[in-house]
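The values are calculated or read from the model by the stated rules, or taken from the named source; none is laboratory data. Source: prediction; values computed, not measured. Here the Cβ is made from the backbone with ideal geometry for all residues, glycine too, and neighbour counts use every protein chain on show. Each accessible area value is taken on the protein alone, full model and side chains, heavy atoms only, with ligands, DNA and RNA left out. Shrake-Rupley method; radii C 1.70, N 1.55, O 1.52, S 1.80 Å.
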Amino acid sequence: MSFSLKGMPTSPSPLAQLPIRRLTSADLLSCADLSENRGWPREEHKWGLLLTAGTGYGIDDPDGPGLAAGCVVTPYGPDLAAIGMVLVAERYARQGVGRRLMQHVLAEAGDAPLTLYATANGQPLYEQLGFTETSRAAMVRGRFTFTAPAPDVPVRPATAEDLPAVLRLDHEVFGLDRTALIARLPAFADHLRVAEEDGEITGFAAAWPNMDTHVIGPLIARDPGTAKALIASLAAATDRPLRTDIDVRHGSLLSWVKENGIDTITTTSLMIRSLPDLPGDWRRRFAPLTVAAG
Ligand SMILES: CC(C)(COP(=O)(O)OP(=O)(O)OC[C@H]1O[C@@H](n2cnc3c(N)ncnc32)[C@H](O)[C@@H]1OP(=O)(O)O)[C@@H](O)C(=O)NCCC(=O)NCCS
């Protein structure tokens, strides 16, 4: 309870009482407006994926059309869910809305472990809610220059027949079944490539359109050389600048992309809650599909 200057109890802020509702694809433009409101790109293509593959939560703006806040949770079975796109409209910032939305998501998730990539803005709130940092990711962007060559690992466009092998590899490296998301890649991405050696799929990567860039992700590969070959192959398929988010533990890959004109813009914190570390094999996991979904 809070008190007025005269010491009389006051009613709680109306913001604390606004209902939190599920978002659907019908909210896509409001979600993009919310991104824009916080100086983020509108990213409608990405919102479209997240609102269908995941569960969106939002608070309607009490003063007009659109949203006061929103976020998306992408579930990977009972053992992990990823939170992303946590946004509070500028006019409602720093009034407890972000904390309330996150507490709602935590309650809905029950005992399920959670992960997210935090911006510097969001990290203090997540720490207060029990998230801890397990690694960091470098957000890199630029036009690929082909200055430093990639190793000669065979890479080709994926076909429908590759999907079972891609799903198997993804399950092994991500550590959980994310068929619901990976099976959407052929439609969501403009390019999906596989690395194949001795008849075995040793890596795969997608490039999907995001504003004026192509985002590379997910990027899963047997080793850094295979990851480089996949990136170079995707770079050759587009005229747009590339963007991706590379785990900072992959220093050699980060140096190589930098030599090729793709430089770090910012870093985010890869955080987890209610689990000691992420499942799977980070050594073969080079970039997420998007930092908004893990
Ligand atoms: C991050 C964000 C969601 C927080 O929402 P919010 O409603 O403003 O946050 P709250 O009022 O609930 O604050 C919760 C706590 O987070 C921390 N916090 C919030 N904004 C902060 C800021 N700009 N700088 C430092 N700490 C901040 C504070 O510890 C705050 O508690 P306090 O006000 O009691 O000190 C909001 O600022 C936002 O949308 N930012 C832009 C998008 C973004 O970066 N999202 C995070 C993606 S991971």
Sequence-separation-based contact order of the range 161-274, relative, with Cα cut under 8 Å and 6+ spacing, percent
17 percent
Folded to 0 to 90 degrees: helix 44-53 orientation relative to the chain principal axis, Cα
80 degrees
Length released on extending from Phe146 to Asp190, taking residue separation times 0.36 nm less the Cα-Cα span:
13.8 nm
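How would you classify the range 207-249 from its alpha-carbon gyration tensor, with a ≥ b ≥ c the square roots of the eigenvalues: rounded for a/c under 1.5, else prolate if a/b is greater than b/c, otherwise oblate?
Oblate, since a/c reaches 1.5 and b/c is not below a/b.
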Relative intensity, log₁₀ I(q)/I(0), of the chain from a Debye sum that treats every alpha carbon as a point, q = 0.13, 0.14 Å⁻¹:
-0.89, -1.02
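Starting from the Kirkwood radius over alpha-carbon pairs of the range 13-112, derive D by Stokes-Einstein at 37 °C in a medium of 0.692 mPa s and give it in µm² s⁻¹. Before the final figure, lay out each step's value.
On the way: Rh = 13.6 Å.
Stokes-Einstein gives a translational diffusion coefficient of 242 µm²/s.
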The extension gain from Arg99 to Ser25, computed as 0.36 nm times the residue separation minus the Cα-Cα distance, is 24.2 nm
Taking 8 Å as the Cα distance limit and 6 or more residues as the minimum spacing, I'd like the relative contact order of the chain as a percentage.
21 percent
For Val105 the rounded accessible area (nearest 10 Å², probe 1.4 Å, non-protein molecules ignored) is 0 Å²
Placing +1 at every Lys and Arg Cβ and -1 at every Asp and Glu Cβ, with all other atoms neutral, what dipole size does the chain have around its Cα centre, in debye to the nearest 20?
780 debye
Report Rg (one decimal) and Dmax (nearest whole number) for the range 90-249, counting Cα atoms only, units Å.
18.3, 57
For helix 28-37, report the angle its Cα long axis makes with the longest principal axis of the Cα atoms of the chain; keep it between 0 and 90° and round to the nearest 10°.
80 degrees
Rough spin-label spacing in nm, given labels placed 7 Å along Cα→Cβ, for Asp239 and Arg38:
3.4 nm
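Please state the charge dipole magnitude for the range 78-161, taken about the Cα centre, from unit charges on C-beta atoms (+1 on K and R, -1 on D and E), reported in debye and rounded to the nearest 20. Don't skip to the end; give the middle numbers.
Details: 8 positive and 8 negative charges, 104 e Å.
Charge dipole, the range 78-161, about its Cα centre: 500 debye, nearest 20.
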Degrees between helix 224-235 axis and first principal axis of the chain (Cα, 0 to 90, nearest 10)
80 degrees
